Amino acid sequence: MKKKLLFLGSNYLLAEAVLKAKELGYYTIVTDWNLVENSPAKQVADEHWEISLSDIDTMVTKIKDENVEGVFTNFTDSYLPYYVKICEEAGLPCLANLKQIEMISNKDQSKQMCMDHGISVSKRYYINNQEDIVKLKGIKFPVLTKPVDNSGQRGIFVCHSFDKLEQLYMESLKYSASNNVIIEEYVEGDYVVMCFTIQNGVVTLSTMADKPVTEHFVGNEPRLPKGYVMPSKYIDLCIEKTLPGVQAFVKDMGLQNGVICIEAVVKDNDIFVFEMQFRLGGMRHHNFVLKENGMDIMAMLLNYSFSGKFDGWDAQKFDNPKFKNAYCSLNVLIEPDTAARVEGLDIVKAMPHVTNFTLMMKEGDTVGIAGTVQQIFCKVMMKDDSYEKILEDIRHVLKTIKVYNKEGKNIVMQLW
């Protein structure tokens, strides 16, 4: 009889994890908190429940009644506290406790943790409330206002002058469940993402990507990630400047197994960290690690849900971020509008250098919040021999996919 694995969340990225679990021979069940029956992960699962993942008592009772042996979530910070509580009450393996999750995902606490362990961060301006903003007159602009407890760039705004600071602070506040916003210096430089594997308390760098962003601000929205290109040209700098600090805070926190992804800016031969997650990110680095080095991080995470063991591969032997091949996880961005009609998807899926295709929207969907990951229409993964060839592949994809709005205008952003 197949082991039952419950997935918390049902977006397109979780759907990929469900399919992987089915390949591994598990019986898959999906629930979320939107109770949408036709959500992506529910469509590919063996079964789905219409129970909100925030209803802990009902969830735990159902888990026990249905003999579910493992619980899994990833890709979204807001699911993690519920994942921990459900696992703990159901007596099932869990990668971390609530304190560890908060220390990493809370932008304020993670920034302090970095500073305590010798990792560079952008300057923070300390205020306690709206009335304190007047104390910041004369600071250097631009700055960022951001909720301490949200992800996907929701609630993050770029402020270019003191006159706008109070307004944007209050806008960011709307996105914070804990009613807490931080203001920090906006560091200009090259964006990167560093992905680390923790196995039995040992931290290794699995991959590092350069993350080119859109060249211009749109109003007060932050610049969007155009994609992720591997291997990064800053790997040696990461190994020198960031890896020792990550190893130190992981040890101090008592984390034993899992994945940490860190976003940062490279400037003046240093790496300034601005966000981290104890989960897989939208870059889905596990796919590239599997193709290049043969270590299946997703399978390790799924199997951990039952066994409490993060094994199958020795990360110290398999991890090598200096990939021989070039890879890209391309975000096909669209303008804030409605995707009324789409062309070219099947052509892109059949391209020889395309290794994975994930649709994030469908015909009829509308971008909900501009300046966030909601503008990603689809994600296209590619592998080629060199950075130059990857760039050619990217441009070919962007010319092939056409997303038309209701007026017949192609709203795919040509950014490369």
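The values are calculated or read from the model by the stated rules, or taken from the named source; none is laboratory data. Being a predicted model, the structure only gives us computed values, none of them experimental. Using ideal geometry, Cβ is built from the backbone for each residue, glycine included, and neighbour counts are taken over all protein chains shown. To get the accessible areas, we keep the full protein, side chains included, count just its heavy atoms, and leave off ligands, DNA and RNA. Shrake-Rupley method; radii C 1.70, N 1.55, O 1.52, S 1.80 Å.
Descriptive notes on the structure:
- Filter result for Tyr191 (touching a Lys or Arg at 6+ places or on another chain (Cβ under 6 Å), touching a residue at least 24 places away in the same chain (Cβ under 8 Å), surrounded by 15 or more Cβ atoms within 10 Å (Cβ to Cβ) and among the aromatic types (Phe, Trp, Tyr)): yes
- Which numbered condition His396 fails, given (1) open to solvent by 50 Å² or more (accessible area, probe 1.4 Å); (2) in contact with a helix residue (DSSP H, G or I) (Cβ under 9 Å, 6 or more places away or on another chain); (3) not in a helix (DSSP H, G or I): (3)
- Count of region 96-127 residues which are under 26 Å from Thr61 (Cα atoms), aliphatic (A, V, I, L, M) and either open to solvent by 30 Å² or more (accessible area, probe 1.4 Å) or free of Cβ contacts under 8 Å to residues at least 12 places away in the same chain (or both): 1
- Residue among Lys402, Lys409 that is at pLDDT 95 or above, under 30 Å from Phe157 (Cα atoms), in contact with a strand residue (DSSP E or B) (Cβ under 6 Å, 6 or more places away or on another chain) and basic (Lys, Arg): Lys402
- Cβ-Cβ distances below 6 Å connect the following pairs, each with a first residue in region 6-20 that is closer than 16 Å to Gly70 by Cα and of a type in the set (A, V, I, L, M, F, W, C), a second residue that is part of a loop (DSSP other than H, G, I, E, B) and at pLDDT 95 or above, and a separation of six or more residues or different chains: Leu6/Val68; Leu8/Thr73; Val18/Ala45.
- Restricted to region 5-90, the set of helices (runs of 4 or more DSSP H) holding at least 3 residues that are hydroxyl-bearing (Ser, Thr, Tyr) and open to solvent by less than 60 Å² (accessible area, probe 1.4 Å) is empty.
- Single match in Asn34, Asn11 (criterion: closer than 23 Å to Asn356 by Cα and either at pLDDT below 95 or among the hydroxyl-bearing types (Ser, Thr, Tyr) (or both)): Asn11
- Meets criteria (surrounded by fewer than 20 Cβ atoms within 10 Å (Cβ to Cβ), in contact with a helix residue (DSSP H, G or I) (Cβ under 6 Å, 6 or more places away or on another chain) and not aliphatic (A, V, I, L, M)) for Gly312: yes
- Here is the figure for region 128-150: residues that are surrounded by fewer than 17 Cβ atoms within 10 Å (Cβ to Cβ) and not in a helix (DSSP H, G or I) total 8.
- Cross-chain or 6+ apart pairs with Cβ under 9 Å, region 386-401 first and free of Cβ contacts under 8 Å to residues at least 60 places away in the same chain, then of a type in the set (Val, Ile, Thr) and open to solvent by 20 Å² or more (accessible area, probe 1.4 Å): Thr400/Ile347
- Any hit, region 107-121, residues being at pLDDT below 90 and assigned to a helix (DSSP H, G or I): yes
- Residue check, Asp384 open to solvent by less than 20 Å² (accessible area, probe 1.4 Å), out of contact with any Lys or Arg (no Cβ under 6 Å at 6 or more places or on another chain) and among the acidic types (Asp, Glu): yes
- Tyr83 among the hydroxyl-bearing types (Ser, Thr, Tyr), more than 24 Å from the chain's Cα centre (by Cα) and at pLDDT 95 or above: no
Condition check ((1) in contact (Cβ under 8 Å) with a residue 12 or more places away in the chain; (2) over 30 Å from Ser161 (Cβ atoms); (3) open to solvent by less than 40 Å² (accessible area, probe 1.4 Å)) across all residues:
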site	(1), (2), (3)
Leu237	yes, yes, yes
Ile260	yes, yes, yes
Phe274	yes, no, no
Gln277	yes, yes, yes
Gly281	yes, yes, yes
Arg284	yes, yes, yes
Asp296	yes, yes, yes
Lys317	no, yes, no
Asn325	yes, yes, no
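- When Lys362, Lys349, Lys383 are checked against the criterion of being in contact (Cβ under 8 Å) with a residue 60 or more places away in the chain and among the charged types (D, E, K, R), Lys383 stands alone in meeting it.
- Qualifying residue in region 372-381 (condition: open to solvent by 40 Å² or more (accessible area, probe 1.4 Å) and part of a loop (DSSP other than H, G, I, E, B)): no
- Residue under evaluation Ser172, criteria (1) in a helix (DSSP H, G or I); (2) open to solvent by less than 60 Å² (accessible area, probe 1.4 Å); (3) closer than 26 Å to Met253 by Cβ, criterion not met: (3)
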